[in-house]
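Take a look at the structure below.
The values are calculated or read from the model by the stated rules, or taken from the named source; none is laboratory data. Just so we're clear, the structure is a prediction, and the values are computed from it rather than from any experiment. Here the Cβ positions follow ideal geometry from the backbone for every residue, glycine too, while neighbour counts run over all protein chains shown. We work out accessible area using only protein heavy atoms, side chains counted, and drop any ligands, DNA or RNA first. Shrake-Rupley method; radii C 1.70, N 1.55, O 1.52, S 1.80 Å.
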Amino acid sequence: VTSTLPPASAGHVKRLAGMTSSATTIRCNIDRPELHFQLTPLPLRPGEPQAAWLQRVLLWHACHLPAWALEGGIVVFCGTAVLAAAAALSVQLPKPCGAGHRPAIAYLGTTKLTAAQRREAITRFESERHAILFTTEAWSHGAGRAGVHLVIHADLGRSVLDFWQR
């Protein structure tokens with residue numbers, strides 16, 4: 001079950017899942033009225049490292065967004081694993097009410113992390129209410145977590161479908 005699978009891919013997914021081509025496919029509206037989109041253009045300054053830019057982006061959001069948007073987890077999609085890893089090591093954002101910093105976690109997918117490292121990253125992200133997950137496209141396919149209130153795109157991905165999947 002997926003809300004974003006293009007109809008042209010349904011047959012391929014059925015074959016991968018061992019289903020017959022006559023298996024029933026149920027499609028429904030993917031309208032998500034609870035989602036709010038906002039473009040916040042904060043350009044990279046000349047000579048500014050990308051991780052420092054992400055720090056500035058997160059601090060800007062912490063000062064300008066309503067409190068509900070910062071109450072849960074945060075996912076930051078990065079264009080490269082290098083940026084996601086660097087940001088997880090250097091970016092800090094206070095937890096709501098100033099109770100320390102949010103845990104920062106890198107999830108870099110199957111080519112950069114072992115299966116055990118991926119499980120540990122996801123378990124940590126799921127167990128920490130205010131965690132920030134810095135990730136590539138890897139987390140947008142088949143992953144999810146309740147309580148994510150803010151998603152930031154450091155880039156827009158390869159296509160509109162990739163953006164929506166995120």
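Name the residues in segment 71-83 that are within 15 Å of the chain's Cα centre (by Cα) and assigned to a helix (DSSP H, G or I), would you?
A81, L83
Taking first residues from segment 4-26 that are under 20 Å from S140 (Cβ atoms) and open to solvent by less than 50 Å² (accessible area, probe 1.4 Å) and partners that are among the hydrophobic types (A, V, I, L, M, F, W, C) and in a loop (DSSP other than H, G, I, E, B), the Cβ contacts under 8 Å between residues at least 6 apart in sequence or on separate chains come to T4/I30. The residue list W68, W53 contains one member that is open to solvent by 70 Å² or more (accessible area, probe 1.4 Å), assigned to a helix (DSSP H, G or I) and not charged (D, E, K, R), which is W68.
Considering segment 89-134, and only residues there that are among the β-branched types (V, I, T) and surrounded by 13 or more Cβ atoms within 10 Å (Cβ to Cβ), the residue that is farthest from the chain's Cα centre (by Cα) turns out to be V91.
Going by the conditions given, is I122 among the aliphatic types (A, V, I, L, M), touching a residue at least 60 places away in the same chain (Cβ under 8 Å) and in contact with a strand residue (DSSP E or B) (Cβ under 9 Å, 6 or more places away or on another chain)? Answer is no for this residue. Could you figure out which of (1) open to solvent by less than 60 Å² (accessible area, probe 1.4 Å); (2) in contact (Cβ under 8 Å) with a residue 60 or more places away in the chain isn't true of G144? For G144, the failing item is (2).
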